[in-house]
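A quick write-up on the structure given underneath.
The values are calculated or read from the model by the stated rules, or taken from the named source; none is laboratory data. This structure is a prediction, so every number in the text was calculated from the model and none was measured. Note: ideal-geometry Cβ built from the backbone for every residue, glycine included; neighbour counts use all protein chains shown.
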Amino acid sequence: MIYPLSVDVSAAVATTVHETVTTVLGPVPAHELGVTAVHEALLSVVPGAQFAPDIAIDRAEIFEVLAAKLRDFREHGGRTIVDSTGMFHGRDVNLYEALSRATGVHIIASTGMGPEEMLGGYFLTPQTNPPTPWPAEKFAELFRKEITEGMVVPRVERRGPAGLVTTTADPNGMTPTEESLFRGAARAALDTGVPLSIRYGADALHDLGIVLDEGLPAGRVLVGGLDRADADGAALEVAKRGAFVGLDHVGLNDHPNYINDAQRTSLVMELVNAGHSHRIILSSNAIGVAKGLPEYHLPFSHVLSTFVPFLKQQGLSDEDAHRILVDNTRELLTHS
């Protein structure tokens, strides 16, 4: 069943008329974002899979699959989607531009990288003897250029600036290289005004503290993965510190490392009842097309079509639903 969301943006227009968000087709007024999915993957390609003889990458087919999923997202009330994959997991700027034009869905792409095990050797062992991790400032400069000069399209050019910095730590604990990544990402976000999305390692509050130590305001940070089974109450503490709480695996109900949607519902209502509805970000970590990893057949519209109606049955007000789906995402993504 489709539950179209009626979104009243009149109040937002008054306060965001001069504020913009960077999409792959250029800046758009912040009030035009509408319902936004902040933590998704349009095209996810495991580094190296593009060279595997048993993996076919048919760009025309990929376009059609993604276009259909984006149109479904829009039919359910979605207006903007963030590809939060960063630099080396399949990001295709030209493809995203074409998809946005064809479907009318705003697409925001991201810069950033991590965890360490997914980095190429160049970023692990630059020309030093003995090899040492890149310093934070080198990562910061790399990310800044993708935001201010455009994202790198290999062998072509830079095009379309990134609208988000994202980085990830090892679930077993942040490594020294990942600390450089997090600090560099925080500096790039602070200098350019775009937000930072972090996917924490073993300790969400420790990793949030690393980026706040760089002077980045908490309200410019999204801490993702707080619906992990080992988050252990971190969501409430992250909200208290003023950062956004990312419950971004909505729809994943059978994975031992994550809580299920019934538990996510309880967590959302706990945060709302504690006065933190303005800190909640919901997303599904849905993958439009996967290459080199298992397909994940969850529509980008799942939060809208299934999860939010269930939340409302459990007592979530229309006002809080609007705040979570529209106001919070707009506040996060708008340039500071």
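Side notes on the structure shown:
- Top-ranked residue of region 51-76 - restricted to ones that are part of a loop (DSSP other than H, G, I, E, B), among the hydrophobic types (A, V, I, L, M, F, W, C) and in contact (Cβ under 8 Å) with a residue 60 or more places away in the chain, ranked as nearest to G90 (Cα to Cα): I57
- Residue, farthest from G48 (Cα to Cα), within region 93-110, restricted to residues that are free of Cβ contacts under 8 Å to residues at least 60 places away in the same chain and buried (at least 21 other Cβ atoms within 10 Å of the Cβ): V105
- Qualifying residue in region 286-294 (condition: modelled with pLDDT of 95 or more, surrounded by 19 or more Cβ atoms within 10 Å (Cβ to Cβ) and aliphatic (A, V, I, L, M)): no
- Scanning region 70-103 for residues that are touching a helix residue (DSSP H, G or I) at 6+ places or on another chain (Cβ under 6 Å) and closer than 22 Å to L196 by Cβ returns no hits.
- Hey, G246 at pLDDT 95 or above, of a type in the set (G, A, S) and under 19 Å from the mean Cα position of the chain (by Cα) or not: yes
- Condition met for G219 (closer than 16 Å to L332 by Cα, under 19 Å from the mean Cα position of the chain (by Cα) and not basic (K, R)): yes
- Tallying residues that are within 27 Å of M118 (Cα to Cα) and buried (at least 24 other Cβ atoms within 10 Å of the Cβ) within region 20-39 yields 5.
- Elements of type strands (runs of 3 or more DSSP E) contained in region 232-336, each with 1 or more residues being touching a helix residue (DSSP H, G or I) at 6+ places or on another chain (Cβ under 6 Å) and without any contact (Cβ under 8 Å) to a residue 40 or more places away in the chain: 244-247
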